[in-house]
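Chemist: This structure is in structure tokens; I'll ask about it shortly.
Readers should treat all values here as calculations from the given coordinates under stated rules, not as data from a laboratory. Owing to the predicted nature of the structure, the values given are computational and were not obtained by experimental measurement. Positions of Cβ are generated from backbone atoms using ideal geometry, with glycine treated the same way; all protein chains shown enter the neighbour counts.
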Amino acid sequence: MSIHLTAERLAAACFLALLAIIGLFAGLVGNLGVDEPFDKLVHAGFFASATAGLFFLFGRRAAAAALAAFAAGVLGEMAQGFIGSHTVSTADVLANAIGILLVVGLALPTTGVRRRRRELIRAFRADPTHPVWQSRR
């Protein structure tokens, strides 16, 4: 499988690099100063943004983006367990998952439309003289 560098993927990679820097500072090194329960909104928003970036980076594959974002969230929470000033929180993981699912819910309808379009193009290229195509003109 080859990866084609498009403007969309390049922009997503730059966006994700920025998010990674912010996430490392806020999640592991520093502290945003947002108290419970409002920090869950920060978690959900951050992971919604990360999932959206991964969605475009992975060629609009919602499942791959969701799995990668969730894995990053779980690993980030585990890493916080090794830092004295932070604690591991299952509520944070749940907030991350809510942000991820929000983006997946918005992205899934677009992936189905794109898949159907690809299938139609592939079928047309295989047999452009098929009667189905003649009736569509």
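Chemist: Run the paramagnetic zone check for Glu8: 7 angstrom along Cα to Cβ, then residues of the stretch 59-99 with backbone nitrogen under 16 Å.
Modeler: The answer is 59-66.
Chemist: Shifting gears a bit: For percent of Cα pairs over 24 Å apart, which listed value, [x] 53; [y] 42; [z] 39, comes from the coordinates shown?
Modeler: Label of the calculated value: [y].
Chemist: Relative to the Cα centre, what is the charge dipole magnitude of the chain, using +1 at the beta carbon of each Lys and Arg, -1 at the beta carbon of each Asp and Glu, and rounding to the nearest 20 debye?
Modeler: Dipole about the Cα centre, nearest 20: 1260 debye.
Chemist: Hey, with R₀ at 25 Å, roughly what FRET efficiency would Leu24 and Leu101 work out to, going by the Cβ-Cβ distance, to 0.05?
Modeler: Once the sixth-power term is evaluated, E becomes 0.55.
Chemist: In addition: Using Cβ contacts closer than 10 Å as the measure, can you line up Val104, Val34, Val113 from fewest to most?
Modeler: In increasing order of surrounding Cβ atoms, one gets Val113, Val34, Val104.
Chemist: Taking +1 at the Cβ of each Lys and Arg and -1 at the Cβ of each Asp and Glu, which of Leu120, Phe55, Gly73 sits farthest along the dipole of the chain towards its positive end, judged by Cα position relative to the Cα centre?
Modeler: Selected residue: Leu120.
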